[in-house]
1. Could you list all residues from the range 149-173 that are exposed (fewer than 14 other Cβ atoms within 10 Å of the Cβ), under 30 Å from Q86 (Cα atoms) and of a type outside the set (D, E, K, R)?
2. Can you name every residue in the range 116-139 that is free of Cβ contacts under 8 Å to residues at least 24 places away in the same chain and closer than 11 Å to R160 by Cα?
3. So, V146, is that one in the same structural domain as Y189 (by TED's automatic domain parsing), assigned to a strand (DSSP E or B), closer than 14 Å to S82 by Cα and of a type outside the set (S, T, Y) or not?
4. Kindly list the number of the only condition in (1) charged (D, E, K, R); (2) touching a residue at least 60 places away in the same chain (Cβ under 8 Å); (3) in contact with a His (Cβ under 7 Å, 6 or more places away or on another chain) that fails for R165.
5. Sort through I185, I206, I202 and tell me the only one that's in the same structural domain as T100 (by TED's automatic domain parsing) and part of a loop (DSSP other than H, G, I, E, B).
6. Which of the residues belonging to the range 186-205 are among the hydroxyl-bearing types (S, T, Y) and under 19 Å from G131 (Cα atoms)?
7. Does D99 satisfy the condition of being among the acidic types (D, E), at pLDDT 95 or above, out of contact with any Asp or Glu (no Cβ under 7 Å at 6 or more places or on another chain) and under 13 Å from M168 (Cβ atoms)?
Amino acid sequence: MSTALLRLTCQTRATRPGAAALMAVLGTAALLCPLLAQPASGIPPKKPQKKASSLISKQEPPKVNPRLLEQATPENIAITISLGKQRAYFLVGGEIAVDTPISSGKRAGMTPKGSFNVVEKDADHRSSLYGDFVNPRSGKTVRAGVSTRIDSAPGGTVYRGASMRWFMRLGDSSGHRAEGLHTGILPGYPASHGCVRLPDDIAKLIYEKAVVGMPVTISD
């Protein structure tokens, strides 16, 4: 108990008839405060929450071999993608010309595995499935991160598809697929709806070299 508080209680004892009771209460509080400040017995103290940035793993940056890129032709290029390694490899004559990090489908099976071909190229593609509902007059986003499969547009809004720059759509024997390769955010782990996200500069580089019909192989 502080000197000032002790002086106050002594003065209260001398001037008020309930001073003794008040001193008893103050004394009990002084004893209990340190105990209340401690965590309950058997319950460990709560650990501070980690920042989201500390949970994102770091991926090795892209590696580009300019000498091999210069040798690229429509006949000798291909892409192989490893979902387990979260890497894509742009091959020229069977050699790795570009080794880049990716972000594939956030759940198993969202990014298909198998042999495909590039069936469409669109430098300024927008998603027909995922995007935002925006005010057409102001351009302001009213609701972000929506899916046209399950979300309805609020009154007075229109759908704007998510940007998918340097889009290269995949296809197989069954026809064109929704998935493709394009520019996107790479958080360090699988996070897409099924497409293969690439760093913007790498997506542009591969897009400029790619041709419709280029083989793309996706595996574990």
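1. I150, S173
2. Looking only at the range 116-139, we keep the residues that are free of Cβ contacts under 8 Å to residues at least 24 places away in the same chain, and these are 135-139.
Selection gives N135, P136, G139.
3. Working: in the same structural domain as Y189 (by TED's automatic domain parsing): yes; assigned to a strand (DSSP E or B): yes; closer than 14 Å to S82 by Cα: no; of a type outside the set (S, T, Y): yes.
Spelling it out, it is not the case that V146 is in the same structural domain as Y189 (by TED's automatic domain parsing), assigned to a strand (DSSP E or B), closer than 14 Å to S82 by Cα and of a type outside the set (S, T, Y).
4. Evaluating R165 over (1) charged (D, E, K, R); (2) touching a residue at least 60 places away in the same chain (Cβ under 8 Å); (3) in contact with a His (Cβ under 7 Å, 6 or more places away or on another chain) leaves (2) as the failure.
5. Of I185, I206, I202, the one residue that is in the same structural domain as T100 (by TED's automatic domain parsing) and part of a loop (DSSP other than H, G, I, E, B) is I185.
6. S192
7. Spelling it out, it is not the case that D99 is among the acidic types (D, E), at pLDDT 95 or above, out of contact with any Asp or Glu (no Cβ under 7 Å at 6 or more places or on another chain) and under 13 Å from M168 (Cβ atoms).
Here is a yes/no grid of residues against (1) loosely packed, with under 14 Cβ neighbours inside 10 Å; (2) of a type in the set (S, T, N, Q); (3) in contact (Cβ under 8 Å) with a residue 12 or more places away in the chain:
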| site | (1), (2), (3) |
| --- | --- |
| G175 | yes, no, no |
| V196 | no, no, yes |
| E208 | yes, no, no |
| G213 | yes, no, yes |
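The values are calculated or read from the model by the stated rules, or taken from the named source; none is laboratory data. Here the structure is a predicted model, which is why all the values come from computation and not from measurement. Cβ: placed from backbone, ideal geometry, glycine included. Neighbour counts: every protein chain shown.
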